[in-house]
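Chemist: Input: one structure, supplied below.
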Amino acid sequence: KKIKSTNKYSWNWGPSFSGGISGVKGIVFGNDQKSIGNYFSSVGTGSSGANPVFAPSLLKSSLAFIAGLTTQKNISRKIIFATGLNYKLLSTTNTVGTDSAAYFRSNSTAGVHHNFFHYIELPVGLTFQIGNSAKTPLYWNIGFSVSQLISSNALQFNTATGLYYHDNSLFNKTQFGFITGFDVALISKQKRSLLIGPYLNYGISKISDQGYNKHHFAFIGLRAQIIFRKK
């Protein structure tokens, strides 16, 4: 008889969703007051105070989410290779005022502006099973990601005029990040699993190399995955 050979482990897949908040400089809860303060104190106030330098409002954390498809394959009994494709929305807020030219001023607080960053992300990583529980397995995830900025309404800031403005050419379009988290399998069956756990996505690259957005993004939240297995 001819016996058909098959791989010991097959590729599995499923949807993934992470909901949480994003912030800059690793300060997810609160704002980045220290970082922004240091930057604008280093700019100075001009010659003998004749040319004052305006300071912007503080960037604050805001809601964010990551959604996509995950594919994974066991490379051993307790180690899983995982990748996929995600849509990632990160955001911050700051207080601004407006004028007739549709610029945003820093010397008034007429409203709150939401700075949205839309990315397409490719994560690559490894998942390690912790312990030997078959009923409720616990996993640790670690890896890296490459993200491409596809659009943004985020503001830049001019220290000489005190005006916010739009200029996406100042952003680093390609971002590299570090990802990690833990998952517990609330449902673990032969054909499918439901995994939930805390998730961290930290930007190794800066949002911009200069000015108001010269920071690293950080996202922290709760991730849920449904993994469908082939038999």
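Chemist: Inspect all residues belonging to the stretch 181-203 and state whether any of them is modelled with pLDDT under 90, within 24 Å of ASN94 (Cβ to Cβ), assigned to a strand (DSSP E or B) and open to solvent by less than 50 Å² (accessible area, probe 1.4 Å).
Modeler: Checked the stretch 181-203: no residue is modelled with pLDDT under 90, within 24 Å of ASN94 (Cβ to Cβ), assigned to a strand (DSSP E or B) and open to solvent by less than 50 Å² (accessible area, probe 1.4 Å).
Chemist: Looking at the stretch 141-170, which of the residues that are of a type in the set (A, V, I, L, M, F, W, C) and part of a strand (DSSP E or B) is most open to solvent (accessible area, probe 1.4 Å)? Walk me through it before giving the result.
Modeler: Taking the stretch 141-170 as the starting set, the residues that turn out to be of a type in the set (A, V, I, L, M, F, W, C) are 142, 144, 146, 149-150, 154-155, 157, 160, 163, 170.
Next, from what is left, pick out any that are part of a strand (DSSP E or B): 142, 144, 146, 149-150, 157, 163.
Values: ILE142: 57, PHE144: 125, VAL146: 65, LEU149: 18, ILE150: 100, PHE157: 21, LEU163: 31 Å².
So, considering only residues that are of a type in the set (A, V, I, L, M, F, W, C) and part of a strand (DSSP E or B), the one most open to solvent (accessible area, probe 1.4 Å) is PHE144.
Chemist: Any residue at all in the stretch 1-8 that is modelled with pLDDT of 65 or more and either among the polar types (S, T, N, Q) or open to solvent by 50 Å² or more (accessible area, probe 1.4 Å) (or both)? Break it down into steps so the answer makes sense when it comes.
Modeler: Here is the first cut: in the stretch 1-8, the ones modelled with pLDDT of 65 or more are 8.
Still in the running and either among the polar types (S, T, N, Q) or open to solvent by 50 Å² or more (accessible area, probe 1.4 Å) (or both): 8.
Yes.
Chemist: Considering the stretch 118-140 alone, what residues qualify as being more than 24 Å from the chain's Cα centre (by Cα) and open to solvent by 60 Å² or more (accessible area, probe 1.4 Å)?
Modeler: First pass over the stretch 118-140, keeping only residues more than 24 Å from the chain's Cα centre (by Cα): 129-137.
Listed by number, the residues that qualify are ILE130, ASN132, ALA134, LYS135, THR136.
The values are calculated or read from the model by the stated rules, or taken from the named source; none is laboratory data. Just so it is clear, the structure is predicted and the values come from calculations on it, not from any experiment. When we count neighbours, we look across all protein chains shown, and the Cβ atoms used for this are built from the backbone with ideal geometry, even at glycine. SASA here: full protein model, heavy atoms, side chains in, ligands and nucleic acids out. Shrake-Rupley method; radii C 1.70, N 1.55, O 1.52, S 1.80 Å.
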